[in-house]
1. Quick check: convex hull of the Cα atoms in the chain, volume per residue, rounded to a whole Å³?
2. Multiply the residue gap between residue 8 and residue 92 by 0.36 nm, knock off their C-alpha separation, and tell me the result in nm, one decimal place.
3. Full-extension gain between residue 160 and residue 111, please, as 0.36 nm times their residue separation minus the C-alpha to C-alpha distance.
4. Helix-only mean residue ellipticity at 222 nm, the chain, DSSP H runs n ≥ 4 weighted -39,500 (n - 2.57), per residue, nearest 500. What is it?
5. With a cut-off of 8 Å between alpha carbons and a minimum separation of six or more residues, what is the relative contact order of the range 58-130 in percent?
6. Sorted by packing (mean other beta-carbon atoms within 10 Å per residue), highest first, where do 161-173, 122-134, 83-95, 38-50 land?
7. Can you tell me what share of the DSSP beta bridges in the chain is antiparallel? A percent to the nearest 5 is fine.
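Bear in mind these aren't lab numbers, they're just calculated from the coordinates by the rules spelled out. Since this is a predicted model, take the numbers as computed values, not measurements. Backbone-built Cβ (ideal geometry, glycine too); neighbour counts: all protein chains shown.
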Ligand SMILES: C[S@@+](CC[C@H](N)C(=O)[O-])C[C@H]1O[C@@H](n2cnc3c(N)ncnc32)[C@H](O)[C@@H]1O
């Protein structure tokens with residue numbers, strides 16, 4: 001994952017991706033949407049973990065689309081990359097008619113996005129958030145939609161060499177919110 005080109009804001013860290021993917025329970029041949037794909041790191045990890053996954057990677061930012069495109073090319077990842085705000089993309093693109101699972105790393109319009117994903121059949125939805133207001137907004141919306149399952153606070157500290165010994169440097173905590181339907 002470290003060989004990926006980065007974007008401002010940075011990619012989702014591998015440990016957070018690992019937990020998020022475990023909660024998504026991706027199945028072979030299913031359709032997966034990476035909302036706010038950024039560098040494409042989550043789509044790349046998902047495609048390495050599960051065979052024949054149909055992946056739609058969506059981002060509203062030019063820089064993200066350019067970087068994710070390069071990263072997909074360099075890693076041989078077969079994902080459909082779509083430029084646009086995800087609630088508009090999902091409402092307009094009629095060929096994305098059924099979605100099995102979704103990872104949400106970009107939370108603009110989260111309330112609307114959750115509802116659209118649910119209408120398109122998403123059974124497992126995993127949201128990453130760093131701001132407490134986003135956590136509350138997401139949990140409240142999931143509860144209204146009857147899909148809230150669990151919320152995790154994940155704090156990773158990474159060992160770093162200092163004068164030949166090792167100290168742990170904490171990374172920003174990430175909240176993982178899980179929704180399940182059906
Ligand atoms: C934290 S960054 C990228 C994280 C990504 N998982 C990675 O590993 O690089 C979040 C991204 O979500 C995008 N984003 C946020 N809300 C969005 C929305 N409603 N529609 C499309 N993209 C969105 C932003 O443009 C940004 O590139």
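1. Working: hull volume 21.4 nm³, N = 182.
So the per-residue hull volume is 118 Å³.
2. Numbers: separation 84, 0.36 × 84 = 30.24 nm, distance 2.80 nm.
Answer, rounded to one decimal: 27.4 nm.
3. Working: separation 49, 0.36 × 49 = 17.64 nm, distance 3.87 nm.
Extra length available between residue 160 and residue 111 comes to 13.8 nm.
4. Working: 6 runs with 65 residues, N = 182.
Computed mean residue ellipticity for the chain: -11000 deg cm²/dmol.
5. The normalised contact order for the range 58-130 reaches 29 percent.
6. Working: 161-173: 9.0, 122-134: 18.9, 83-95: 15.2, 38-50: 23.5.
Top to bottom by mean Cβ count within 10 Å: 38-50, 122-134, 83-95, 161-173.
7. On the way: 18 of 36 bridges.
Beta bridges within the chain, antiparallel portion: roughly 50 percent.
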